[in-house]
Amino acid sequence: MLKLDSPLFLSFLFCLKILLPPNLAYHDFNLYEITTGTEEYFDCLYLIEPDRIIPYCIRQSPSDHVSPSYDQFNGLYTSQQLRALGVTTIDLYDWSVPIAMIETYQLSQRDDELLYYNCTPPWFGSLCQYTFNSTTSQFFNDVMYYREAMKTNFNPADVIRITNGTCFVYLKNCSETCLDWREICDGKFDCISGEDEYGCHLLESSDCGDQDNFRCQNGQHCIPKTLFHNDATTPDCLDGSDELTTATRCPFFDHAQCDIQYCFSSSKVLFPCGDGQCSPHYPPTPISVCKNGRDLLLTQQMLAQYQRQNQRQCWNALLCTLGFKNDCVLEECTTPILFPISNSVQFIYNSTTTISPTYICYDERYCSFSNSSTVQIHELTCKHFDELIINTYTNWDDLMVDVQHLFRQQCRIHTNCSAHLFHCGESKCISKYRVHDGIIDCYNGQDENYDHSCSLNMSHQQFRCTSGKEERCLSLILAEDKTVDCSNMEDEARKPKTNEFLFQQICNGSIELQDGNETDETDCPEDWPCRTQYTMCDWHWDCLNGEDEINCTTYYNEWNTNLKPFSTKCNVNQHYCVQPYTGEYGCLSSIDKVNNGVIDCLGSTDERQYCIGLYPNELERRYHCWNSTQCINIQQVCDCHRDCLPDGDDELVCPWMKCANPEETSFECISGTLIEPALRCDTQLSCSSNEERILCDLRSQARRKQKRFETEVFLEYPQSSSLLKQIQIKDDYTMIRISPPVLPPVLPPVLPPPLFGNITLAWYCNRGLLIHSKSDGDRCLCPTAYYGNRCQYQSRHLTVTFRLRIITIFDPNLFFKLFVYLINTTTHMVASYEQTTYMPQTSDCTVNYFMQFLYPEIQGNSSSKYSIRIDVYTTHVLNYITAYRTSWMFDDVVKFPLLPINRLVLDLIMPANTLTKQKECLAFRCENGEHAISQKKRNFSFADAQTVGQVNGVSFGMSVSVLRVQYA
């Protein structure tokens, strides 16, 4: 099959979408994987993002036959008729003909037996059988994003009337519970049988093996150390433990990332909403946080089940006391009441007027408490509440937090205590990587109070505190987590990564790299310019007066609103300035006022060297408090907490913020939307006017925008003032060039706001997309992570993410084709494959490519072993000559078959030269003159006739950018 990102089709789409006039109507409702009647999934549309392609398909048994309705198309043609009429592939694309049929028409030298329909918009499909009923856009990405926007408008109580959410249904003995896949091996027994925690002790024993990898906290997989703390918005560990913050934009932003993200926190037990969103309130709870209503639905189900077992009057009285019901009369009732916490934990109340229960009951098979008496009630072991928890409570949420921590500490994670595990008393063992990680896993906190953590023989996974008398080694997740754990605060001293040193950091007046007596500022010429094509508009001041950051289109001086305080626009030679005492936004009258020793603006945005000099290694600590010697982190500004004392000017910067709940730190957009302070300065926009970016440019080198080294944008050296005036900066994402040609802009279609009235349209397919078929009614297009007629089931799969880097000089006319195969090494079959294109000239060097591979086994056959192979080919953009470049092979990538999702994370470096020479092949023509086209994605092996090599007995037959296959 001609994949979306194959060179031929990429060129076709480029010509169609980019070069055509912007007012010309076009669309991309062209199906892939059209049905032949036997596929597990079919009729797919691709969601195209910079680092991934996500297929949305009908993932259920297809109908036996679909008859087209004649008002859905303008004509029906054979290929012979089309050629006689001079119809081109672009015409077929515009007719919404599926890609495979367009490919057949383009590449076939003879007439085929296919029938081609000219679909009438908005209908599309092989038989013009589908429509989104959308008048807003002709692009699938737009339809997808607008449907997601619709979801935000509905109350969770209304959502659960439409759907019961999604479930992981592969466990055989857990039919009583709709589990989310994140609840497998989470240390908590959700199934009555305990099946969700069977075999999970293997995760505690996992190890990465060498110091080049970081072990993710839950032990599921490892990542390269080079990806540790590299992008807070996109964790590489499924549990997010490799990044400084677990704050995400789930569930409505970044679908693919949300669908594989765990809920991880060092301080709270989080409840998974089933779509990447995490709630700090575990059901049963009177506080609903999940946008899809999963916490509310589970709470209602639990309470309804126990309501039948208790006297109604007493039950309602207890619900009033606990806060589950409002506007009711509290009354005393001494009849014992059972109250659910989970399938293995219950409360018993002998009074309806207290928050704390009388007894806590639990399943003694999984948890044990010593040194206290027990009673047996309803086949559970019960202890008096005061024997386990001595606190008193005034609200349900505080009680639940302590109970969750109690059972996380006391219940078994590992019962087979081997020597390489950490022993929590007699009955429980945990991974040694959990010691000093900020999470109490052992009863009474033995793991966090252990005095010999540096002797655990895992220094590559620890941060050593060098000060103080006691020996203390911390888990890496505690370093730079904004909480001081070492006595001299060294764990919070953020240091730039020396292996990612940027060209624009050389000779910029700030020492950031040192080797003996030499630094990055050694032997710099006196006339070395601070304002170059690499330093201008990179979000960081390289010149002491910031002249390299003036006249830039940035978030800091081009606010997209007329609302105060952003109504003032600074001139070409001015910096923005927040006025002291008033918090009004204005501009410095002259650049001469910058770095002159006089503070004119809040935060000392005009005098930045003070905090840099005091805290050179704490790159976020750059806000200088007014009338104070204090410097604070940027995230502490506008977080509803006065950190600058005594004036509190850090909160004056955002005068529109109401801070209704000062106990919770958050940033409030002008619209009223609340976001976490840690997300203020990330790479994505959160507020409609971008106001969350206020003062983010104070941050130092580690956050600067990277620019590639290119000779074609060299400026004259030494620079002349006349040459500098010729430099035009179009925006902060555009490479700076001298007198660039002016091209007419290609604008996206102007879309009206989405319709927010149809809750069924938004939520019926859960994480999928509702599509209408005139013959079959409504259907659901499901992403890879889900299946079922309503995308209600969660699939088992392997995710592969990789970063590809080229660190040597290469031919700029080459681009790279990457083929990634999931290989069943037991049967020597390719179970699934994907491909992508890497263009070094335009690709972001830091992008992580993301792919998902479904296992062919429905229930998960633990006897099957899988490998991932990546083949790379180069293609020349001028003559389309294609050649083999290199390959990587990774064995046993499904480490834990019991887990719903396994992950492989790679940091790949392209070799400078071709490793194995292969015969070249022109465009899509092979030596025998035939085309090698794959029409099927599953259950195939490679043809021996086209074999170019073998790895572990698996034959690989390659023909340029597509596979020649032999069906099994």
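The values are calculated or read from the model by the stated rules, or taken from the named source; none is laboratory data. Fair warning: this is a prediction, and the values are worked out from it, not measured in the lab. Heads up, the Cβs are rebuilt from the backbone with ideal geometry, glycines too, and the neighbour counts pull from every protein chain shown. Just the protein is used for accessible areas: all its heavy atoms, side chains included, with ligands, DNA and RNA removed. Shrake-Rupley method; radii C 1.70, N 1.55, O 1.52, S 1.80 Å.
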Selection count, the stretch 253-280, where residues are over 19 Å from residue 150 (Cβ atoms) and either at pLDDT below 90 or buried (at least 21 other Cβ atoms within 10 Å of the Cβ) (or both) = 17
Across (1) in a loop (DSSP other than H, G, I, E, B); (2) closer than 23 Å to residue 258 by Cβ, residue 145 clears everything bar (1)
Every pair of residues 6+ apart whose Cβ atoms lie under 9 Å, when the first sits in the stretch 529-551 and is in the same structural domain as residue 593 (by the TED database) while the second is among the small types (Gly, Ala, Ser) = 530/509; 540/700; 542/509; 542/510; 543/509; 544/509
Search the stretch 321-365 for residues being within 40 Å of the chain's Cα centre (by Cα) and without any contact (Cβ under 8 Å) to a residue 12 or more places away in the chain, and hand back the single one that is surrounded by the most Cβ atoms within 10 Å (Cβ to Cβ).
-> 325
Collect the residues in the stretch 162-171 that are part of a loop (DSSP other than H, G, I, E, B) and touching a residue at least 40 places away in the same chain (Cβ under 8 Å), keeping them in residue-number order.
-> 162, 163, 164, 165, 166, 169, 170
Return a yes/no flag: does the stretch 179-198 have any residue that is among the hydroxyl-bearing types (Ser, Thr, Tyr) and free of Cβ contacts under 8 Å to residues at least 24 places away in the same chain.
-> yes
All-but-one check, residue 659 against (1) under 32 Å from the mean Cα position of the chain (by Cα); (2) among the hydrophobic types (A, V, I, L, M, F, W, C); (3) closer than 24 Å to residue 547 by Cα, failing number (3)
Across (1) out of contact with any strand residue (DSSP E or B) (no Cβ under 7 Å at 6 or more places or on another chain); (2) open to solvent by less than 40 Å² (accessible area, probe 1.4 Å), residue 482 clears everything bar (2)
Identify, from the list 807, 771, 823, the residue that is over 28 Å from residue 182 (Cα atoms), among the β-branched types (Val, Ile, Thr) and buried (at least 19 other Cβ atoms within 10 Å of the Cβ).
-> 771
